[in-house]
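J.: Got a structure here, written out as structure tokens. Questions coming.
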Amino acid sequence: MKKIFFVFAVVAFVSCSDKKEKTSASSTPAFSTEGKKVIVYTTADSTAYRLSVTDTLEFKEKGQPFENEVSVFVDPGKTFQTYFGTGAALTDASAETFYKLPKEKQQEVLTAFFDKEKGIGYTVARTNINSCDFSSDMYTYVADNDKELKTFNIEHDRKFKIPFIKEAMKASGGKLRLFASPWSPPAWMKDNNDMLHGGKLKPEFYSSWAMYYTKFIKEYEKDSVPVWGISIQNEPMATQRWESCLYTAQEETDFLKNHLGPTMEKEGLKDKKIIVWDHNRDLIYQRAQTYFNDPEAAKYAWGIGFHWYEDWSGGTPMYENLRRVYEAFPDKNIFFTEGCAESFNASRYNAWVLGEEYGRSMINDYNNGMVGFTDWNIILDETGGPNHVQNFCFAPLHGDTKTGQLTYTNSYYYIGHFSKFIEPGAKRIAATASRSQLLTTAFRNEDGKTVVIVMNQGNSKTKYYLWINGKAAEAEALPHSISTLIF
């Protein structure tokens, strides 16, 4: 399949902190556009542009804009949260697909995702603790009823998943930060005696389950796979036909402050980050309020994770819910931990909406306080799997395990407009568009480069000015395109 590229403009400033800055905008020294050229990278529908250099712009005196002009206004003097990174999940399904491909295609996959120059430079990865829906089989790391975890063994993961993670870390130049999430404790620890279909962790196993995370981290690190952090539970309010486990906000808070947090500290893992919630935007404020208003729980939480699956009715995604958390709890990070296009059908590989869903979500979520983005499966096979419960979905890249061919969907390029150009540690800066068909966000990297991303959702070509402090560069957004502007 022909690769597709999108046009974005990105502005970024890089610092080295994992912590999010205060909620309100802060001022920075005066910014000058003098002598700066703007390089434009574009991905656009009905063109061959896929992260392609499409223009070089210059700033000129502009003065105040007119009402009938379309503008993207950027204010580098107002900075917000610190950018953490972009990446995807290295699941059992992704690892199995990877190792079924020819060696040269395996190298192409690694380069495409983790090489900053030739690919899109992922710096974040997620993996599953115990099996998830995107595993070929159900498994845990202990024997039944082993409360003391004496049989804990990660041998299952050494076949595909751990080697794949190591390859990804090597390809990223050691810059990949890995976090891990459980979909379910072992069945015997739950009140429904089933890893599937929801159910709850029995109170008598809280301590054992807390120790389980530490065992996982230590065993992975013995295998030379450093673990940056964990989330407590994938989708703790969803009863799924696959691996799932339910916690109310208060139950998760109590587990964190009374068991998981203290156990991590006792086991010498205080430096590992803990992410709460790890579910949709809909309930994110109530969950945040419960965790973060409890100082004994809040001290253990690096931030709150979220997914994008709340929009079941076709309405507008609840981006504003993130802003409420960003405003109320400015010392906590808001981190996208999963999202994908569902209902896989290979006939839709070329559907432009696949990428636009990513672009729309990422721009809105960054503008509402998100610090980083983790896609779901990094690669899947020609069926949208493997998946042991037939819950097939799209990935940015699909590998045909029969022919060895790779198919890039346009979501790969849309994500790349962010991950390739914004550096971890960048600061988001103020950016707005004067017409609703254009979406925009901007960052400033530590090296001083400004990254402005502009997405045109409309059917028409739109000319606009990139306007900064009385200077402007004339630009053009192609129909259904995304552009990254760098200067």
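None of the figures in this text is laboratory data; all of them are computed from the coordinates on show. Small disclaimer: the values here were computed from a predicted structure and weren't measured. FYI the Cβ positions are ideal-geometry reconstructions off the backbone, even for glycines, and counts take in every protein chain you see.
J.: Return one number: the angle in degrees, 0 to 90 and rounded to the nearest 10, between the long axis of the Cα atoms of helix 353-367 and the longest principal axis of the Cα atoms of the chain.
T.: So the inclination is approximately 90 degrees.
J.: Here's something else I'd like to know. Which pairs in the list 332/427; 161/257; 118/170 are over 26 Å apart, alpha-carbon to alpha-carbon?
T.: The pairs that break the limit, which is 26 Å between Cα atoms, are 161/257.
J.: Next question. Any chance you could run the full-extension gain for residue 139 through residue 241? It's 0.36 nm times the residue separation minus the Cα-Cα distance, nm to one decimal.
T.: Value of the extension gain: 35.2 nm.
J.: Between residue 149 and residue 222, how many nm apart are label points set 7 Å from Cα along the C-beta direction?
T.: Each label point lies 7 Å from its Cα, and together they span 1.2 nm.
J.: Looking at the stretch 85-419, what % of its DSSP beta bridges pair antiparallel, to the nearest 5?
T.: Percentage antiparallel, nearest 5: 15.
J.: Using only the alpha-carbon atoms, how far is helix 410-419 inclined from the longest principal axis of the chain? Give it as 0 to 90 degrees, nearest 10.
T.: For 410-419 against the chain, the angle is about 80 degrees.
J.: Quick check: residue separation of residue 293 and residue 46 times 0.36 nm, minus the Cα distance between them. What number comes out in nm?
T.: 83.9 nm
J.: Using +1 at the C-beta of Lys and Arg and -1 at the C-beta of Asp and Glu, which of 211, 64, 95 has the Cα lying farthest in the positive direction of the dipole of the chain?
T.: Of 211, 64, 95, it is 64.
J.: Show me the GluC sites (Glu not before Pro) within the stretch 81-124 that DSSP assigns to loop and that have at most 12 other Cβ atoms within 10 Å of their Cβ.
T.: The qualifying sites are 117.
J.: How do the peptides 60-67, 327-334, 138-145 rank, highest first, by the average count of neighbouring beta carbon atoms within 10 Å per residue?
T.: Answer by packing, highest mean first, reads 327-334, 138-145, 60-67.
J.: Moving on to the next point. Treating cross-link reach as a plain straight distance, find the lysines whose alpha-carbon is under 16 Å from the alpha-carbon of residue 202, omitting any fewer than eight places away in the same chain.
T.: Answer for residue 202, where 16 Å is the Cα cut-off: 147, 190, listed by chain and number.
J.: Work out the P(r) tail for the chain: percent of alpha carbon pairs separated by more than 34 Å, whole number.
T.: Percentage above 34 Å: 33.
J.: State, as an integer percentage, the relative contact order of the stretch 85-419 based on alpha-carbon contacts under 8 Å between residues 6 or more apart.
T.: So the answer I get is 20 percent.
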